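Okay, so here's the structure we're looking at.
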Amino acid sequence: MFAELRTHVARRLGLPEDEVFGADRPLSAVLAASPTAINSIDLLDAFAGALADAGLGDDDAELPTMTLNHTADEVLAVLGAQLTAAESS
């Protein structure tokens, strides 16, 4: 599932996966590199859209509140923990 989410997030941001998820890049660097994202709302939209693209909805996971100093991998880790918890309950 993580591979699918990574692919969808990168596609929505108009960047290769390694530019979004590589080398501990903060979200601020991803935002600066993206040709489609203008602000942090666009980043949230990319993650929300990726969840939808993967067939997951608002009931499955809630987007975490994080600063632009966090990485896309950290966002996915929080989402993954939520999805794992939802599956086991």
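The values are calculated or read from the model by the stated rules, or taken from the named source; none is laboratory data. Given the structure is predicted, the values throughout are model-derived calculations rather than measurements. Because the Cβ atoms are built from the backbone with ideal geometry, glycine has one as well, and the counts that use them run over all protein chains shown. Heavy atoms of the whole protein, side chains included, go into the accessibility calculation; ligands, DNA and RNA do not. Shrake-Rupley method; radii C 1.70, N 1.55, O 1.52, S 1.80 Å.
This table checks each residue for (1) outside any helix (DSSP H, G or I); (2) closer than 13 Å to residue 8 by Cα; (3) free of Cβ contacts under 8 Å to residues at least 12 places away in the same chain; (4) open to solvent by less than 30 Å² (accessible area, probe 1.4 Å).
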| site | (1), (2), (3), (4) |
| --- | --- |
| 36 | yes, no, no, no |
| 41 | no, no, yes, no |
| 50 | no, yes, no, yes |
| 60 | yes, no, no, no |
| 69 | yes, no, no, no |
| 77 | no, no, yes, no |
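Just the residues that are in a loop (DSSP other than H, G, I, E, B) and either open to solvent by 50 Å² or more (accessible area, probe 1.4 Å) or in contact with a helix residue (DSSP H, G or I) (Cβ under 6 Å, 6 or more places away or on another chain) (or both), please, taken from the range 16-34.
Here is the first cut: in the range 16-34, the residues in a loop (DSSP other than H, G, I, E, B) are 16, 22-25, 34.
Correct list: 16, 23, 24, 25, 34.
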